[in-house]
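The values are calculated or read from the model by the stated rules, or taken from the named source; none is laboratory data. Given the structure is predicted, the values throughout are model-derived calculations rather than measurements. Because the Cβ atoms are built from the backbone with ideal geometry, glycine has one as well, and the counts that use them run over all protein chains shown. To get the accessible areas, we keep the full protein, side chains included, count just its heavy atoms, and leave off ligands, DNA and RNA. Shrake-Rupley method; radii C 1.70, N 1.55, O 1.52, S 1.80 Å.
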Amino acid sequence: MKEEIVLNSEKALEYVKSNVKKDDVLELSYNRVYAPGDVLDVSVEECFGEENVIVSLHLNGELVNDVVRVNLNDLEADLLEIAHITDEKETIIVIED
């Protein structure tokens, strides 16, 4: 099943924090970057009194397949789309601010 939703960047981060789990696939599109990967961890860390959503991904690229930690709050203004893929469904989040 495929679902497309439109959210602002703040609500998109809330979606990731609440719904993305280990072993899901997350495809991030921001600025001019497309980063698909398997989710290793989703955590919330506090830095200078602000809550940050950190996603650890094992990238699925042919040339780049490293493990990266992405602070979604740092990318919030540049996020264009997030695809969240589980065994049951695929959710495409289109970011509109």
Selected residue [over 23 Å from Asp97 (Cα atoms) and under 12 Å from the mean Cα position of the chain (by Cα)] from Gly61, Gly37: Gly37
Condition met for Lys2 (surrounded by fewer than 17 Cβ atoms within 10 Å (Cβ to Cβ) and free of Cβ contacts under 8 Å to residues at least 40 places away in the same chain): no
Extreme residue, nearest to Tyr30 (Cα to Cα), among residues of the stretch 83-97 that are part of a strand (DSSP E or B) and in contact with a Ser or Thr (Cβ under 6 Å, 6 or more places away or on another chain): Ile95
Some residue of the stretch 43-53 being in contact with a strand residue (DSSP E or B) (Cβ under 9 Å, 6 or more places away or on another chain) and under 15 Å from Ala83 (Cα atoms): no
Selection count, the stretch 63-80, where residues are touching a strand residue (DSSP E or B) at 6+ places or on another chain (Cβ under 6 Å) and open to solvent by less than 70 Å² (accessible area, probe 1.4 Å): 8
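Conditions tested, residue by residue: (1) among the charged types (D, E, K, R); (2) in contact with a Cys (Cβ under 7 Å, 6 or more places away or on another chain); (3) loosely packed, with under 15 Cβ neighbours inside 10 Å.
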| position | (1), (2), (3) |
| --- | --- |
| Val16 | no, no, no |
| Ser43 | no, no, yes |
| Glu46 | yes, no, yes |
| Val53 | no, no, no |
| Gly61 | no, no, yes |
| Asp87 | yes, no, yes |
